[in-house]
Amino acid sequence: MGFGDLTSSSGLQALNSFLISKSYIEGFVPSQADAVVFAALKGAPACDLAHALRWFNQINSYTGSERSSFPGQKKDVSAYGSAGAAAAAADDDDDDDDIDLFGSDDEADAEAERLKEERLKMYAEKKAGKKVIIAKSNIILDVKPWDDETDMKELEKLVRTIECDGLIWGASKLVALAYGIKKLQISCVVEDDKVGTDFLEEKITEFEDFVQSMDVAAFNKV
């Protein structure tokens, strides 16, 4: 076995040492080599085997069906690792007399390029398939007028004229303050990366003939 018994501490240590300068068992993207070695493990390596644990977590992020569709040819687990590489090198030495010195390099380069393209395509498809989560918040604003003579319907109409990408206005109501004065309480849903409370305050207080101040009454993640 290339790494030895991967259920033993010595086998896991061999795997950890092998992965010090490598992201995957073979090549630069996940392949059947990773799927075979992953299946030979009983579980995640210990924390002190940082390189093996890093690799395990990466391969474990794929589902079983995704791992089974990794590119490359599945081999016995003993074919991978330092011992497997040494065996492959010995086979190459035995077959030196049969090597086509004028064609093998080009064929090997073409095959390596094809495999690389397959793996990059698979990686891109996996990334594209992940759902993008858009962070949103539900905000309730208190908009206070100057006095009881302020036209509150017109004030609300002005507030709702504020439009931008990532902003949706919701329900509103008038809330009594004192001396006949009422404030406008209005809700909105915003995309956190696009709209902030500073932006809302700046825009709302621009209606200075109607608005005395604006406060955030509630702020909750959606």
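Return a yes/no flag: does segment 117-131 have any residue that is in contact with a Pro (Cβ under 6 Å, 6 or more places away or on another chain) and under 30 Å from Ser69 (Cβ atoms). Checked segment 117-131: at least one residue is in contact with a Pro (Cβ under 6 Å, 6 or more places away or on another chain) and under 30 Å from Ser69 (Cβ atoms). Looking only at residues in segment 145-159 that are without any contact (Cβ under 8 Å) to a residue 24 or more places away in the chain and in a helix (DSSP H, G or I), the one that is most open to solvent (accessible area, probe 1.4 Å) is Lys153.
Of the residues Ala39, Ala79, which single one is modelled with pLDDT of 90 or more and farther than 18 Å from Glu125 by Cα? Please lay out each step first, then the result.
Working: Ala79 fails: modelled with pLDDT of 90 or more.
The match here is Ala39.
Could you check Gln73 against (1) over 21 Å from the mean Cα position of the chain (by Cα); (2) under 18 Å from Lys116 (Cβ atoms); (3) open to solvent by less than 60 Å² (accessible area, probe 1.4 Å) and say which number it fails? Evaluating Gln73 over (1) over 21 Å from the mean Cα position of the chain (by Cα); (2) under 18 Å from Lys116 (Cβ atoms); (3) open to solvent by less than 60 Å² (accessible area, probe 1.4 Å) leaves (3) as the failure.
Residues that are exposed (fewer than 14 other Cβ atoms within 10 Å of the Cβ) and not polar (S, T, N, Q) within segment 197-216 comprise Asp198, Glu202, Glu206, Glu208, Asp209, Asp215, Val216, listed in sequence order.
Residue-by-condition table, conditions (1) outside any loop (DSSP other than H, G, I, E, B); (2) without any contact (Cβ under 8 Å) to a residue 12 or more places away in the chain; (3) hydrophobic (A, V, I, L, M, F, W, C):
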| residue | (1), (2), (3) |
| --- | --- |
| Asn16 | yes, no, no |
| Phe28 | no, no, yes |
| Asp48 | no, yes, no |
| Arg54 | yes, no, no |
| Gln58 | yes, no, no |
| Phe70 | no, no, yes |
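When Tyr123 is tested against (1) assigned to a helix (DSSP H, G or I); (2) open to solvent by less than 40 Å² (accessible area, probe 1.4 Å); (3) in contact (Cβ under 8 Å) with a residue 60 or more places away in the chain, just one condition goes unmet, and that condition is (2).
Taken over segment 1-50, the criterion of being within 27 Å of the chain's Cα centre (by Cα) and either of a type in the set (D, E, K, R) or open to solvent by 60 Å² or more (accessible area, probe 1.4 Å) (or both) is satisfied by Ile20, Ser21, Lys22, Ser23, Glu26, Phe28, Asp34, Ala39, Lys42, Ala44, Cys47, Asp48. Scan segment 1-38 for residues that are touching a Lys or Arg at 6+ places or on another chain (Cβ under 9 Å), farther than 25 Å from Ala112 by Cβ and of a type in the set (A, V, I, L, M) and the total you get is 1.
Residues that are surrounded by 14 or more Cβ atoms within 10 Å (Cβ to Cβ) and more than 28 Å from Glu202 (Cβ to Cβ) do not occur anywhere in segment 132-139.
The values are calculated or read from the model by the stated rules, or taken from the named source; none is laboratory data. Computed from a predicted structure; not experimentally measured. So basically every Cβ, Gly included, is an ideal-geometry build from the backbone, and we count neighbours across all protein chains shown. Surface areas here come from the heavy atoms of the whole protein model, side chains and all, with no ligands, DNA or RNA. Shrake-Rupley method; radii C 1.70, N 1.55, O 1.52, S 1.80 Å.
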